[in-house]
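Each remark here refers to the structure printed beneath this line.
Coordinate-derived values only; no laboratory data. No experiment lies behind these values; they were computed from the predicted model shown. Cβ: placed from backbone, ideal geometry, glycine included. Neighbour counts: every protein chain shown.
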Amino acid sequence: MIDFELSEEQQMIRDTVGAFAIEQMRPAAREADETGKVPPDLIEKLWELGVVVQSAIPEKFGGAGDTRSAVTGAVIAEELGYGDIAIATHALAPRLFAFPILEAGTEEQRERYLKKFAAPKFVPATAALMEPRFDFDTTMLATSVRREGAGLMLNGRKCFVPIAADSESLLVYASSDPNAGYKGVEGFIVPRNAPGLTISEREKNMGFKALATYGLEFKDCKIGPEARLGGEGGINFSRIMSESRIALAAMAVGMARAAYDYAREYAKERRAFGAPIAQKQAIAFILADMAIEVDASRLLVWEAAWELDRGEDALASSYLAKNYVANSVMKIADNAVQVLGGHGYIREHPVELWLRNARGFAALDGIATV
Amino acid sequence: MIDFEIEPSVVKRVKMFHMVADGVMRPISREYDEKEHEEPEQYFQTMWAANAMADSSLDLAKKKDGDGAKDGDGAKARSPMRNLYTVITTEELCWGDAGLFLATPNAGLGGAAVMAAGTPEQKERFLSRFRGGQPKWGAMAITEPGFGSDSSQVTTTATREGDDYLLNGTKIFCTGGDRAAKSEGFIVVWATVDKSAGRPGIKPFVVEHGTPGMTVVRTENKLGIRASDTAAIVFDNCRIPKDHLLGSPEVRKEGGFKDVMATFDATRPIVAAMAIGVGRAALDFVRDFLKQENIPVRYGISPRRLTALERDFMEMEVQLKAARLLTWRAAWMMDVGKHNNLEASMAKAKAGLAVTLITQKAVELLGPLGYSRELLLEKWMRDAKINDIFEGTQQINMLIVARRILGYSSKDLN
């Protein structure tokens, strides 16, 4: 039966993560962006909350064994996005490695890799999906895999891999058949020091600047057959993509909400021509549009997440939602800068930071998951 | 728990409404769009009988089950989600034809006003007629030549004379007003008992069909929703009994105007649902057309590799989804007893905008075929536009949203 209310547990999670975002993440955001450094203590504190991976790790591996919910994941991602996108992406990166293994791994792979995520301290781990082409397309990955003797060989380039330099192993997506779309995509668990794998210098990005991202180059990189995630069964890459889109869209909703809240409060205070600028229709309508679009964006994300939780693949819903939110967050962040006028342009108020971050959502895939 | 599933009993009803939309409305859509001022008599009879059947199956089900109708029968009565139910079924009927939907004989906005502001006795007196007899209509007349959005500017007067009121003034843009006047219906007229008092002086009055002094002087020629009659009505010393005033005659801040304005919180999601129905008609048509032409719509590929056609279609699709979700939320809030003034306005603003975009885009995408009156696509574009305007224009709804989010009164922000 149609219901727009979160469960009590979800509300509690939202409030807890939301408080952390406002009290801890937001005050650190500007300096993190300027210095390119995420405060490690924030990462540890978030890890301690248990919301990164531990709740989903099965009990036999030391986790809480909760069923994953994409809706709950979206709620968490939104609150973290409200705090700071770069810190959030860094903090959630281990999911990129752990969750696909949880979902699709063979018993051996789950046994081998999931235990360490029950650790009390942050375990850096990540996945490599994106490729450095303007028309990068997850249905046509250029990173290839082929059989080589008893093992496998990876070739290709990846970009925008979060915290790759800190991660012991990486989950790498490659295609065994670029004509097979998602069905040809597989995941490979690759140690950082695999022969033939080179990690680039840290990348320089327009936004997400506190997040360390790296390029990878695979030149006849040899891996064993046990590296294939899911063994012969492979993975459900379409589902993995839906989970990624929902997470990113949810984070964007959080950041859009942040920009809207900030602009609204500023407009109520800032005076011009004898009254707060919020009392002028031009400004008031911009704010009203932001409010509507934050809510509309959230509902689209929730609908896609709900479909995933029902076991559907949510391909169309998650794709439409992410593209919609990529646009809406861009417009909202841009409007936030506009409402602050000249002050919005200075790297002091957070709105210019949100504008630079907002542009990323259109291009980025696979750097977060629910 | 977050849930977007329509319950099975409602799904069943929606299928029935879809049959009406597809089998009864669509076949006569073009005809009554072209013959704007003709009466779709057969349609009126069909819908009136269907409503009577639905009501009697409701009564029957109630009798069978004592304390409530069973699942499947009279789902409308049993479903605690009445507003959601109405929104979902309204979308289905307007997918059929929005003009015919508005032309359907029922108590309409006039009935809504009676429900919002009338005494129990008045509700019985004015509304029981809709349960039997010949098709009839209820209508509401607010707008005047001098105002639409600024409803505090009512100049139609209600002057007390003995045990009666005399109404004087002109009303325009009254949906269903002509048919209400020509059938055994009524029109609820907003008139002021004291112009100097502003809003608190404005009251709703029921004027019965055939009352001397009430004349429908014309029905408009419109861009769309042509099957719906839009009446201009002149009141010239129109005499009505004093007990035709809905609610209290006192000029006070509470009640009256505010009560009737509150009905808009309930009707706004329904009007949004109307828009969504029309938008979906266009979207479904384009989707079917693309399938027919073997033009794929590829979800999941890089957005930069989408064709212009795919990109436009997906934009239409997601805008409709967004508008629908906001509308469902507004209706759900009413059903669970939450105040939804902000959310109802969000839904109406978004729906009007989204559906204008969708229907205009649909005509554009189909090139010369979209432009032809051989297809219903151009009609839906014309029908959609009204949703941006009536029951609160997009701009008024944006204004309401802005006031709510800023905590401003109409004095602070206008």
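The fraction of all Cα pairs in the range A:237-363 landing in successive 5 Å bins from 0 to the largest distance is 2, 12, 21, 19, 15, 11, 8, 5, 3, 1, 0, 0, given as whole percents. Rounded to two decimals, the Cα-based Rg/Rh of the range A:179-234, with Kirkwood Rh, is 1.07.
With a Cα-only, solvent-free Debye model of chain A, what are the log10 I(q)/I(0) values at q = 0.08 Å⁻¹? After summing over all Cα pairs, the log10 values are -0.39.
Among the listed pairs A:Lys158/A:Lys183; A:Lys209/A:Lys331; B:Lys350/B:Lys385; A:Lys183/B:Lys321, those with a Cα-Cα distance over 22 Å are A:Lys183/B:Lys321. Within chain A, the longest run free of chymotrypsin sites (Phe, Trp or Tyr not before Pro) that sit in a DSSP loop with at most 11 other Cβ atoms within 10 Å is A:135-272.
For the range A:287-341, trypsin sites (Lys or Arg not before Pro) meeting the loop criterion (DSSP other than H, G, I, E, B) and having at most 13 other Cβ atoms within 10 Å: A:Arg310.
Of the trypsin sites (Lys or Arg not before Pro) found in the range A:32-124, those that fall in a DSSP loop while having at most 12 other beta-carbon atoms within 10 Å are A:Lys121. Based on the Stokes-Einstein relation at 20 °C and a viscosity of 1.002 mPa s, and on the Kirkwood radius from alpha carbon pairs, the protein assembly as shown is assigned a translational diffusion coefficient of 74 µm²/s. In degrees from 0 to 90, rounded to the nearest 10, what is the angle of the helix B:41-65 Cα long axis to the longest principal axis of chain B? Approximately 80 degrees, to the nearest 10.
Taking the Kirkwood radius as Rh and the Cα radius of gyration as Rg, chain B has a ratio of Rg/Rh equal to 0.97. Look at A:Asp220, A:Asp137 and count the other Cβ atoms within 10 Å of each Cβ; fewest to most, that gives A:Asp220, A:Asp137.
For the peptide A:283-294, the mean number of other protein chain Cβ atoms found within 10 angstrom of a residue's Cβ is 6.
Taking all Cα pairs closer than 8 Å and separated by 6 or more residues, the relative contact order of the range A:237-363 comes to 35 percent.
Distance between the pseudo-spin-label points of A:Lys222 and B:Lys182 (7 Å out from Cα toward the beta carbon): 9.0 nm. The loop-placed trypsin sites (Lys or Arg not before Pro) in the range B:319-414, going by DSSP, that have at most 16 neighbouring Cβ atoms within 10 Å of their Cβ come out as B:Lys338, B:Arg373, B:Lys411.
Dimensions of the range A:1-65 from C-alpha coordinates, computed as largest minus smallest value along each principal axis and given longest first, are 46, 34, 15 Å.
For peptide B:387-399, the mean count of partner chain Cβ atoms within 10 Å of a residue's Cβ comes to 1.
Here the scattering of the range A:8-118 is modelled by Debye summation over its C-alpha atoms, one equal scatterer each and no solvent; at q = 0.10, 0.14 Å⁻¹ the log10 of I(q)/I(0) is -0.30, -0.58. Here B:Lys348 is the anchor, and the aspartates and glutamates within straight C-alpha reach of less than 14 Å, apart from those fewer than 8 places off in the same chain, are A:Asp289, A:Glu293, A:Asp295, B:Glu91, B:Asp265, B:Asp388, B:Glu391. Going from the residue with the fewest nearby Cβ atoms within 10 Å to the one with the most, A:Lys183, A:Lys209 rank A:Lys183, A:Lys209.
Lys-Lys pairs in the range B:138-244 that are eight or more residues apart or on separate chains and whose Cα atoms lie under 25 Å of each other come to 11.
As a rough footprinting exposure proxy, the listed residues B:Ser183, A:Ser175, B:Ser149, A:Ser297 were ranked by other beta carbons within 10 Å of their own, and the order from fewest upward is B:Ser149, B:Ser183, A:Ser175, A:Ser297. Translational diffusion coefficient of the range B:148-211 (Stokes-Einstein, Kirkwood radius from Cα pairs, 4 °C, 1.567 mPa s): 103 µm²/s.
Relative to the longest principal axis of the Cα atoms of chain B, helix B:394-406 runs at roughly 80 degrees.
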